[in-house]
1. If a residue has to be touching a Phe, Trp or Tyr at 6+ places or on another chain (Cβ under 9 Å) and crowded, with 20+ Cβ neighbours inside 10 Å to count, how many in region 235-254 make the cut?
2. Please note which strands (runs of 3 or more DSSP E) are completely contained in region 141-227 and include at least 1 residues that are within 22 Å of the chain's Cα centre (by Cα) and buried (at least 17 other Cβ atoms within 10 Å of the Cβ).
3. Suppose we filter Glu100, Glu31, Glu77 for residues that are in contact with a Pro (Cβ under 9 Å, 6 or more places away or on another chain), in contact (Cβ under 8 Å) with a residue 24 or more places away in the chain and in the same structural domain as Asp245 (by TED's automatic domain parsing); which single one remains?
4. Would you be able to say whether some residue in region 106-118 is in contact with a Leu (Cβ under 8 Å, 6 or more places away or on another chain), more than 30 Å from Lys21 (Cα to Cα) and outside the structural domain of Gly10 (by TED's automatic domain parsing)?
5. Search region 124-140 for residues being out of contact with any helix residue (DSSP H, G or I) (no Cβ under 8 Å at 6 or more places or on another chain) and not aliphatic (A, V, I, L, M), and hand back the single one that is surrounded by the most Cβ atoms within 10 Å (Cβ to Cβ).
6. Suppose we keep only residues that are part of a loop (DSSP other than H, G, I, E, B) and in contact with a Gly (Cβ under 9 Å, 6 or more places away or on another chain) within region 254-276. Which one would you say is nearest to Ile7 (Cα to Cα)?
7. Of these, Met52, Met60, Met35, which one is part of a helix (DSSP H, G or I), at pLDDT below 95 and at negative phi?
8. On the given criteria, is Gly116 more than 17 Å from the chain's Cα centre (by Cα) and either assigned to a strand (DSSP E or B) or surrounded by 20 or more Cβ atoms within 10 Å (Cβ to Cβ) (or both)?
Amino acid sequence: MYDLIIIGSGPAGLSAAIYGKRAGLNLLVLEKNPMSGGQVLNTYEVDNYLGMPGTDGFDMGMKFREHADKMGVEFREASAMSIEDRKDFKLVHTTEGDLEAKAIILATGAVHASLGVEGEEKFSGKGVSYCATCDGAFFRGKAVAVVGGGDVALEDAIYLSRICGKVYLIHRRDELRGAYILQEELKALPNVEFLYSHVVEEITGEDAVNGLRVRNLKTQESRALQADGVFVAVGIRPGTELVRDMVDCDEGGYVLAGEDCVTSVPGIFAAGDVRKKPLRQIATAVADGANAVMSVENYL
């Protein structure tokens, strides 16, 4: 019987593991992938984490894991299949057997929806980004493209228009889906060009992105655009399949939990990108890990 099982070992899970060990908790971290780190492993450069400017995302993930290893955190490579609430404890069914814990921290993160086009995976972190606030500063004064038509895409385009020389907004429909006020603000910006009824066919480059090819869905004509960055904002899927029928979630599937990371089920806590919150960054995930452990201590 563990005091705590942490499911996921991205920044939130590893932060929780370190704080949990410092609190003297008997804990285990479950990670379905061969390496810890989560999405940060696929980030070419991280320039907004305090004290670590210009660090490589993979190296950052490895440093986070090394810190946890140094603290003596126990890890197990396995996928959590389901959780049973036995009131006094939680039973976690995994691909490597069943485990028991008094408390659970869900730190399973979220996955950005991809375009599925040639070049997207190749240049991920090298010009292809899923977070404008994370990576926009790398493209100061340059041309970029934002793909999507919802609130996130519009907000990204507005943000990027302030620091980039040119912003293409590419949307497959003939009208935007985002909030009217965002649309009006975006349309008033002189350096934003709208490409309605267009889809991305390919993202091009050599060592990094240097352009993309788009197709007009009405005329079926294709053309090349010069751009140094492509920001994909076509949706995000939180990793809540494990608990979506168990704890309260919003319409997008994010776990409803406040800054204390407390969910609707006593003994289950949510930290990092899986939690409903306004900003999803490495820094906020690490903070969630610390807050979640404090709540676990209070619960226990």
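The values are calculated or read from the model by the stated rules, or taken from the named source; none is laboratory data. Quantities reported herein were computed from a predicted structural model and do not represent experimental measurements. Heads up, the Cβs are rebuilt from the backbone with ideal geometry, glycines too, and the neighbour counts pull from every protein chain shown.
1. Residues in region 235-254 being touching a Phe, Trp or Tyr at 6+ places or on another chain (Cβ under 9 Å) and crowded, with 20+ Cβ neighbours inside 10 Å: 2 in total.
2. 143-147, 166-170, 198-205, 209-216
3. Checking each option against the conditions leaves just Glu77.
4. There is no residue in region 106-118 that is in contact with a Leu (Cβ under 8 Å, 6 or more places away or on another chain), more than 30 Å from Lys21 (Cα to Cα) and outside the structural domain of Gly10 (by TED's automatic domain parsing).
5. Gly127
6. Per the stated criteria, the residue is Ala271.
7. Met60
8. The answer is no for Gly116.
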